Amino acid sequence: MPKISAPTVAEHRAQRLRTLLEAARVLVAEQGPDALTLSALAAQVGLSRPSLYEYFRSRDDLVAAMVEDELPRWIAELDAEVRRHSSPADRISAFVRAQLRMLTDGRHTALVVLAGHALGPAAQERVMAEHSRLFAPLVEALTDLGVDHPELRARLIQGVVTAASPLLGADELANRRVIDAAVTQVRHGIPDIRG
């Protein structure tokens with residue numbers, strides 16, 4: 001019987017999974033998303049590749065597990081920031097600002113990098129089930145404002161965040177300009193356009 005490093009087999013598996021996910025995050029942060037393979041992860045943690053199949057059936061499964069692991073922390077942080085504001089309009093601004101700020105702080109690097117990874121349908125479904133929770137505080141703020149189709153509008157606002165995110169970098173002043181422009185776009189559109 002293989003040695004376990006915890007009081008129970010379940011605790012051992014949970015510890016091992018945590019170690020694997022952390023090693024995968026480091027691999028992505030240091031070498032980019034293309035470096036994330038089951039072989040590379042096995043080498044990183046000193047396990048045989050077949051041992052990883054106990055945890056992940058494929059690279060897609062690994063990516064989905066990483067996103068599922070990180071997304072709840074992202075959502076909790078975002079939700080706490082949004083709920084610090086009482087006015088619905090300020091909560092919408094906070095939603096945009098917080099997400100864009102989180103993209104630059106380095107703590108969510110793996111999630112950000114993997115967000116663009118093309119997943120297979122099964123893994124995509126797993127991630128989207130968790131991802132839909134992201135919009136809850138935004139949908140609530142839009143509903144409080146009486147905006148028509150708040151779920152659709154929330155997705156469109158997320159589109160502004162998604163479009164702004166590649167414009168962020170190491171320059172704090174430039175990042176502030178991008179974030180301010182994204183918030184202005186979401187809250188006011190382009191006011192000089194006449195239809």
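The values are calculated or read from the model by the stated rules, or taken from the named source; none is laboratory data. As the structure is a computational prediction, the values presented were derived from the model and not from experiment. Cβ: placed from backbone, ideal geometry, glycine included. Neighbour counts: every protein chain shown. Surface areas here come from the heavy atoms of the whole protein model, side chains and all, with no ligands, DNA or RNA. Shrake-Rupley method; radii C 1.70, N 1.55, O 1.52, S 1.80 Å.
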Original post:
Among (1) more than 13 Å from residue 94 (Cα to Cα); (2) at pLDDT below 90, which single condition is residue 160 missing?
Top reply: (2)
Subject >> residue 52 touching a residue at least 24 places away in the same chain (Cβ under 8 Å) and under 28 Å from residue 105 (Cβ atoms) >> reply: no
Subject >> Qualifying helices (runs of 4 or more DSSP H) (wholly inside the range 13-95; at least 1 residues being surrounded by 14 or more Cβ atoms within 10 Å (Cβ to Cβ) and either touching a strand residue (DSSP E or B) at 6+ places or on another chain (Cβ under 7 Å) or hydroxyl-bearing (Ser, Thr, Tyr) (or both)) >> reply: 49-52
Subject >> Subset of the range 134-145 (residues that are over 11 Å from residue 82 (Cα atoms), open to solvent by 60 Å² or more (accessible area, probe 1.4 Å) and assigned to a helix (DSSP H, G or I)) >> reply: 143, 144
Subject >> From the options 83, 13, 18, 107, residue that is more than 27 Å from residue 143 (Cα to Cα) and either modelled with pLDDT of 90 or more or in contact with a Cys (Cβ under 8 Å, 6 or more places away or on another chain) (or both) >> reply: 18
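The rows are residues; the columns are (1) in a helix (DSSP H, G or I); (2) in contact (Cβ under 8 Å) with a residue 40 or more places away in the chain; (3) in contact with an Asp or Glu (Cβ under 9 Å, 6 or more places away or on another chain); (4) basic (Lys, Arg).
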{"residue": "147", "(1), (2), (3), (4)": "no, no, no, no"}
{"residue": "156", "(1), (2), (3), (4)": "yes, no, no, no"}
{"residue": "159", "(1), (2), (3), (4)": "yes, no, no, no"}
{"residue": "166", "(1), (2), (3), (4)": "yes, no, no, no"}
{"residue": "174", "(1), (2), (3), (4)": "yes, no, no, no"}
{"residue": "178", "(1), (2), (3), (4)": "yes, yes, no, no"}
{"residue": "183", "(1), (2), (3), (4)": "yes, yes, no, no"}
{"residue": "186", "(1), (2), (3), (4)": "yes, yes, no, no"}
{"residue": "191", "(1), (2), (3), (4)": "no, no, no, no"}
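Condition check ((1) under 15 Å from residue 134 (Cβ atoms); (2) touching a residue at least 12 places away in the same chain (Cβ under 8 Å)) across all residues:
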residue	(1), (2)
30	no, no
58	no, yes
77	yes, yes
102	yes, yes
**OP:** Please work out if residue 58 is at pLDDT below 90 and over 24 Å from the mean Cα position of the chain (by Cα).
**Re:** no
